[in-house]
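Bear in mind these aren't lab numbers, they're just calculated from the coordinates by the rules spelled out. Predicted model only: the values in this text are computed from it and were never measured. Please note: Cβ atoms are built from the backbone with ideal geometry, for glycine as well, and neighbour counts cover all protein chains shown.
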Amino acid sequence: MSPDPTRDTLTVVVAAFNEAGSLPLLHPRVATVLDALAGDGIDGRVLYVDDGSRDGTWEVLQGVAAGDRRVALLRLSRNFGKEAALTAGLDRVDGGAALILDADGQDPPELIPQFVAKWREGFDDVHGTRIEREGEGWLKRATAHAFYRVIGRLSKTPIPRDTGDFRLLSPRALAALRQLRERHRFMKGLFGWVGFNRVSIPYHRDARVAGHSKFNFWRLWNFALEGITSFTTAPLRLATYLGLATAAVAFAYGVMIIVKALFWGDRVAGWPTMMAVILFLGGVQLIALGLIGEYLGRLYEEAKQRPLYLVDVWQPAADSGRDAS
Ligand code: UDP
Ligand code: MG
């Protein structure tokens, strides 16, 4: 098949970690959508990234690729995490737009034509915004909500609320994103940083079709920390103000103590006050130190300049039109 200038290419990028149960259910849905799009002047392809799965995902993917000539496979040398896996996938998209999809069916592939329609209207970043999250408890919903509020306040980069990685990137948005090579990849923020014409598509987020979420609360907490430290230095400034405020209060208190001692004498009392002040100041200092440490640690990771991921196997689509390497 020779590249036809009148046709657009769309590559669906799916990061999969231990998704042997979901992929056989997901792929037929994606394939059906791509078949429909083919009549619409879109050459659809799928790129599955196996993020170091240990449950036979790779074998399942081999089967999928054998049955569909549009499927390319990439396998990382180990589990690098969703962000790195997506980056690896996006790096291999060979021309055209890219659409990111979760392997677990939580982002319905049936919506892809809506994303494509927006792309054709001239939008560069078409992202799905969840109106409802099924199969997720109130606690996860509440914390997610709080997170978007906090980061929305703190960061200068626009980060749309309730927006995951389900999105379509036009060729130029994709090219821009590929230039961001930072190690700590808070994807939502990176997409926001790129800018261009953005539009959101509200959608109903389904429950997983199989398996279980890889993001427990501890990982989500770290994810939130990642987002905040990658996109704003506001906490550092907060530490400065906290320090200033404490110093001001301490100064006023010091003056008060001296005046009191001068006029009324010093009766060597006040052990509770002293302890309280020492403990409080110690706590404030440790928090500020920890904050600095968070940023310093990230600087350290960045300074090492390691690659974001390592590829074990790259298997281009049988039907890729040209030889990708
Ligand atoms: N994923 C991945 N590497 C990981 C963890 C997750 O590629 O280390 C993939 C996973 O296979 C799925 C997507 O990222 O396609 C979202 O993961 P999950 O459904 O566990 O997250 P949730 O939807 O609960 O936020
Ligand atoms: Mg999921």
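The table that follows gives values for the structure above.
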item: FRET efficiency estimate (nearest 0.05) - Cβ-Cβ, Asp91 to Glu121, R0 35 angstrom; result: 0.85
item: The chain: relative contact order in percent, alpha carbon pairs under 8 Å with at least 6 residues between; result: 24
item: Neighbourhood charge, 14 Å Cβ-Cβ cut-off, centred on Val199 and excluding it, Lys, Arg +1 and Asp, Glu -1; result: +1
item: Contour minus Cα-Cα distance for Ala210 and Lys140 (0.36 nm per residue); result: 23.3 nm
item: Point-charge dipole on Cβ atoms (K/R +1, D/E -1) for the stretch 233-304, about Cα centre, debye to 20; result: 160
item: Distance in nm between pseudo-label sites at Asn79 and Val313 (7 Å out along the Cβ direction from Cα); result: 2.0
item: Likely footprinting exposure, Asp124, Asp68, fewest C-beta neighbours within 10 Å first; result: Asp68, Asp124
item: Most mobile listed residue (Gly265, Gly41, Gly52) in the chain, GNM with C-alpha springs under 10 Å; result: Gly265
item: Share, in percent, of DSSP beta bridges within the chain that are antiparallel, nearest 5; result: 30
item: Euclidean distance of C-alpha centroids, the stretch 24-100 and the stretch 148-218, integer Å; result: 19
item: Sequence-distant lysines (8 or more away, or on other chains) whose Cα lies within less than 25 Å of Lys188; result: Lys82, Lys118, Lys140, Lys156, Lys214, Lys304
item: Positive-pole candidate from Phe280, Ala261, Pro235, dipole of the stretch 233-304, charges at beta carbon; result: Ala261
